[in-house]
Amino acid sequence: VGPTGTGKTLCVKQKLMAGMDASLYTPLFLTFSAQTSANQTQDILDGKMDKRRKGVYGPPAGKRYQIFVDDMNMPLREVYFAQPPIEILRQWMDHGGWYDRKMYTKSNIIDVMFVGAMGPPGGG
């Protein structure tokens with residue numbers, strides 16, 4: 001967390017791209033905006049996952065995803081102050097995955113870690 005223009009994104013991207021073991025870690029980059037929805041966030045991340053076994057998804061075998069979420073303060077707040085793109089990430093952190101919107105089954109997401117950066121809270 002820090003003010004705009006202080007190099008948060010640059011430092012994290014540099015570390016993820018060059019400072020980690022490339023044979024084990026694969027970075028993914030996701031930038032939130034005021035228009036980002038929970039469905040978009042889920043679709044982007046689901047599109048990168050491989051099926052490991054029934055109901056379990058993750059990066060290719062032997063790899064771990066490092067998912068960098070930039071501008072986490074940007075999604076618009078709803079009437080009750082929720083920010084849906086952040087709520088879908090929280091659902092993974094609390095429950096280890098989310099529900100497939102087409103099959104109505106739980107998708108467990110494994111071998112991922114999240115890194116976030118944001119400006120002062122308030123949204124876009």
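The values are calculated or read from the model by the stated rules, or taken from the named source; none is laboratory data. As the structure is a prediction and not an experimental result, all values here were calculated from the model. Every residue, glycine as well, gets a Cβ built from its backbone with ideal geometry; the counts of neighbours run over all protein chains shown. Heads up: the accessible areas ignore ligands, DNA and RNA and are worked out on the full protein's heavy atoms, side chains in. Shrake-Rupley method; radii C 1.70, N 1.55, O 1.52, S 1.80 Å.
How much net charge surrounds P27 when only the other residues with a Cβ under 14 Å from the Cβ of P27 are counted, with Lys and Arg +1 and Asp and Glu -1? Walk me through the intermediate numbers first.
Numbers: positive: K13, K15, K48, K63, R64; negative: D21, D70, D111.
Surrounding charge for P27 is +2.
Over 19 Å between Cα atoms, which of K15/K48; K63/K102; K54/K106 qualify? All intermediate terms of the calculation are to be shown ahead of the outcome.
Details: K15/K48 21 Å; K63/K102 27 Å; K54/K106 10 Å.
In this structure, K15/K48; K63/K102 exceed 19 Å between Cα atoms.
For the residues I44, I88, I109, a GNM of the chain with alpha-carbon springs under 10 Å puts the largest fluctuation on I44.
Summarising the amide proton neighbourhood of R52: residues at separation of 5 or more, or on other chains, whose placed amide H is nearer than 5 Å comprise Y57, G58. Here the chain is treated with +1 on each Lys and Arg Cβ and -1 on each Asp and Glu Cβ, and its dipole about the Cα centre works out to around 360 debye. Residue-wise HN-Hα couplings along the range 9-24, as the Karplus relation 6.51 cos²θ - 1.76 cosθ + 1.60 with θ = phi - 60° gives them from phi, are 4, 4, 5, 5, 4, 4, 5, 5, 7, 10, x, 10, 5, 5, 6, 10 Hz; Gly and Pro carry x.
A helix-only calculation puts the chain at -8500 deg cm²/dmol for mean residue ellipticity at 222 nm, using -39500 (n - 2.57) for each DSSP H run of at least four residues, averaged over all residues. Rounded to the nearest 10 square angstrom, F81 shows an accessible area of 150 square angstrom against a 1.4 Å probe. Amide H neighbours of G97 under 5 Å, at least 5 residues apart or on other chains, H built in the peptide plane: list them. Under 5 Å from the amide H of G97 lie the amide H atoms of W92, I109, each far enough along the sequence or on another chain.
Taking amide H as placed 1.01 Å from N in the peptide plane, I67 has its amide H under 5 Å from the amide H of L28, M113, F114, V115, each at least 5 places away in sequence or on another chain.
Tell me which label goes with the value of Rg and Dmax of the Cα atoms in Å computed from the coordinates here: (i) 15.0, 44; (ii) 22.0, 71; (iii) 13.7, 39. Among (i) 15.0, 44; (ii) 22.0, 71; (iii) 13.7, 39, the one derived from this structure is (i).
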